Each structure stands twice: as C-alpha cells, then as structure tokens.
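**Q** Would you mind keeping the following structure in view while I ask a few things?
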Amino acid sequence: MRKLFLLTAIALLGFTTMNAQVFKLGASAGLPTGVLGDATSFGLNLDAAYLWEVADNVTVGPKAGLIYLFGKKQTFGGFEVAAQDFVFLPIAATGRIMLGEEFLLGTDLGYGIGISPSGVGSGIYYRPMAGYAISEAIMIMLSYTGISSDGTTLNTVNAGIEFGL
C-alpha cells in the first residue's frame with residue numbers, strides 16, 4: 001500500500017511540475033436579472049479555481065464557489081413579506097483562453113447546488129466571462145452567471161476581480 005501511495009505521489013508531482021499551474025481566487029458583485037431580480041437586490045460571489053496550462057494560453061481546471069443573493073422585502077396587498085436570501089454552491093469545470101497578454105475569454109460549466117432557502121432548486125450552472133489583466137496576478141472580470149433549475153433560470157450580471165497565487 002505504501003508503494004502504491006508513493007508511486008501515485010511521484011506521478012502527480014511529475015505531472016504538476018511538467019505543466020504550469022496556478023491557483024485563482026475571485027470575488028465579484030452581481031445584479032440579478034429576470035425572475036431573480038424580482039426577489040433579490042444584489043449578490044456577492046466568491047470562487048476558487050486551480051488551473052493547468054494545457055496549451056499555449058489555454059488553461060482548464062476545477063472550480064468551486066459561493067453565490068450569496070440578498071433578498072428584498074416585498075409588499076403584497078398591504079402586507080410586507082420578509083426578504084429571503086438565496087445561497088448557491090457552484091461546482092464546475094473552468095476553461096480559459098488568453099488573447100494576447102491582457103485579455104481573457106472563458107467559461108465555467110457545472111452544477112449549482114441550492115443551499116438556502118429551504119427547497120430552492122439545484123441545477124446546471126454556467127458562467128461565460130471576459131477579463132482584462134491589470135498585472136500578472138490581478139485581473140478585472142465581467143461575467144454572466146446562470147443556474148437553470150426546474151424550467152427556471154436564475155441569472156446575475158457580475159463585475160469583479162481575480163487574484164492569481
């Protein structure tokens with residue numbers, strides 16, 4: 001068993017040293033659109049990705065994050081209904097292409113797990129994005145996030161920053 005563990009560790013170390021890799025942390029603010037815009041006022045996104053370079057200027061890897069959408073109070077027939085916040089945990093694969101040294105195009109595709117409120121649906125998660133590098137480690141990002149669940153799509157338009165470590 002120890003030999004198998006050692007062999008696996010050496011193989012993984014060899015793979016990661018042959019290909020460039022980078023850890024990314026991102027934060028963004030989002031404006032809900034569509035159905036979600038009626039129930040929430042704005043959102044915050046946090047995410048982390050581990051990327052490998054698979055070709056010149058092309059990286060892929062796993063990504064996970066947290067989407068927190070702040071609910072708005074609503075009035076129905078003179079009654080005020082308390083705001084409900086929505087929380088999703090997206091788990092995805094991400095792919096990115098650098099266009100030159102400054103511009104990036106990419107997308108995430110995976111599954112958005114509905115955490116809160118109770119009974120919120122989970123569904124297909126997607127996030128096309130574009131970015132502009134202001135330094136080697138800092139990128140300004142624009143993106144559109146969607147989670148399709150039970151015939152409804154929950155959408156936000158986002159702007160944020162990403163740090164490469």
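The values are calculated or read from the model by the stated rules, or taken from the named source; none is laboratory data. The structure displayed is predicted, hence computed values, not measured ones. Glycine gets a Cβ as well: all are built from the backbone with ideal geometry, and neighbour counts include every protein chain shown.
**Q** All but one of (1) touching a residue at least 60 places away in the same chain (Cβ under 8 Å); (2) out of contact with any helix residue (DSSP H, G or I) (no Cβ under 8 Å at 6 or more places or on another chain) hold for residue 155; state the number of the condition that does not hold.
**A** Exception for residue 155: condition (2).
**Q** Out of curiosity, is residue 120 under 14 Å from the mean Cα position of the chain (by Cα) and of a type in the set (A, V, I, L, M)?
**A** no
**Q** Out of everything in segment 143-165 that is of a type in the set (Gly, Ala, Ser) and within 25 Å of residue 102 (Cβ to Cβ), what residue ends up being modelled with the lowest pLDDT? Break it down stepwise before answering.
**A** Kept after step one, since they are of a type in the set (Gly, Ala, Ser), are these residues of segment 143-165: 143, 146, 148-149, 151, 159-160, 164.
Checking which are within 25 Å of residue 102 (Cβ to Cβ) leaves us with 143, 159-160, 164.
Values: 143: 98, 159: 98, 160: 98, 164: 95.
Ranking the qualifying residues of segment 143-165, first place goes to 164.
**Q** On to the next question. Return the only residue of 50, 144, 68 being in a strand (DSSP E or B), out of contact with any Gly (no Cβ under 7 Å at 6 or more places or on another chain) and surrounded by fewer than 19 Cβ atoms within 10 Å (Cβ to Cβ).
**A** It is 144.
**Q** Give 114, 119, 100 a once-over and let me know the one that is out of contact with any Leu (no Cβ under 9 Å at 6 or more places or on another chain), within 22 Å of residue 43 (Cα to Cα) and not aliphatic (A, V, I, L, M).
**A** Result of the check over 114, 119, 100: 119.
**Q** Here is a follow-up. Hey, among 36, 89, 66, which residue is aliphatic (A, V, I, L, M), modelled with pLDDT under 95 and touching a Leu at 6+ places or on another chain (Cβ under 7 Å)?
**A** Just a single option satisfies the conditions, and that option is 36.
**Q** Quick check: anything in segment 94-109 within 23 Å of residue 72 (Cα to Cα) and surrounded by fewer than 19 Cβ atoms within 10 Å (Cβ to Cβ)?
**A** No: segment 94-109 contains no residue that is within 23 Å of residue 72 (Cα to Cα) and surrounded by fewer than 19 Cβ atoms within 10 Å (Cβ to Cβ).
**Q** Taking the criterion of being aliphatic (A, V, I, L, M), loosely packed, with under 15 Cβ neighbours inside 10 Å, touching a strand residue (DSSP E or B) at 6+ places or on another chain (Cβ under 9 Å) and free of Cβ contacts under 8 Å to residues at least 24 places away in the same chain, would at least one residue in segment 121-128 satisfy it?
**A** We begin by selecting, within segment 121-128, every residue aliphatic (A, V, I, L, M); these are 124.
If we keep only those that are loosely packed, with under 15 Cβ neighbours inside 10 Å too, we end up with 124.
Now narrow it down to the ones that are touching a strand residue (DSSP E or B) at 6+ places or on another chain (Cβ under 9 Å): 124.
Now drop any that are not free of Cβ contacts under 8 Å to residues at least 24 places away in the same chain, which leaves none.
No, segment 121-128 contains no residue that is aliphatic (A, V, I, L, M), loosely packed, with under 15 Cβ neighbours inside 10 Å, touching a strand residue (DSSP E or B) at 6+ places or on another chain (Cβ under 9 Å) and free of Cβ contacts under 8 Å to residues at least 24 places away in the same chain.
**Q** Related question: Under the condition of being part of a strand (DSSP E or B) and among the aliphatic types (A, V, I, L, M), which residue from segment 129-141 is surrounded by the fewest Cβ atoms within 10 Å (Cβ to Cβ)?
**A** Taking the candidates together, the pick is 138.
**Q** Taking the residues in segment 79-117 that are of a type in the set (S, T, N, Q) and over 13 Å from the mean Cα position of the chain (by Cα) as candidates, determine which candidate is farthest from residue 145 (Cα to Cα). Step through it out loud before you land on a result.
**A** Pass one, segment 79-117, residues of a type in the set (S, T, N, Q): 84, 94, 107, 116.
Right, trim to over 13 Å from the mean Cα position of the chain (by Cα) and you get 84, 116.
Numbers: 84: 20, 116: 18 Å.
Only one residue fits best here, namely 84.
**Q** Any residue at all in segment 149-160 that's more than 25 Å from residue 84 (Cβ to Cβ) and surrounded by fewer than 16 Cβ atoms within 10 Å (Cβ to Cβ)?
**A** There is no residue in segment 149-160 that is more than 25 Å from residue 84 (Cβ to Cβ) and surrounded by fewer than 16 Cβ atoms within 10 Å (Cβ to Cβ).
**Q** Within segment 53-63, can you find the residues that are surrounded by fewer than 20 Cβ atoms within 10 Å (Cβ to Cβ), out of contact with any Leu (no Cβ under 6 Å at 6 or more places or on another chain) and part of a strand (DSSP E or B)?
**A** Residues satisfying the conditions are 53, 54, 55, 58, 60, 62.
**Q** For a quick check of your reading of the model, give me the residue pairs whose first member lies in segment 52-64 and is hydrophobic (A, V, I, L, M, F, W, C), whose second is not in a strand (DSSP E or B), with beta-carbon atoms closer than 6 Å and at least 6 apart or on different chains.
**A** 52/19
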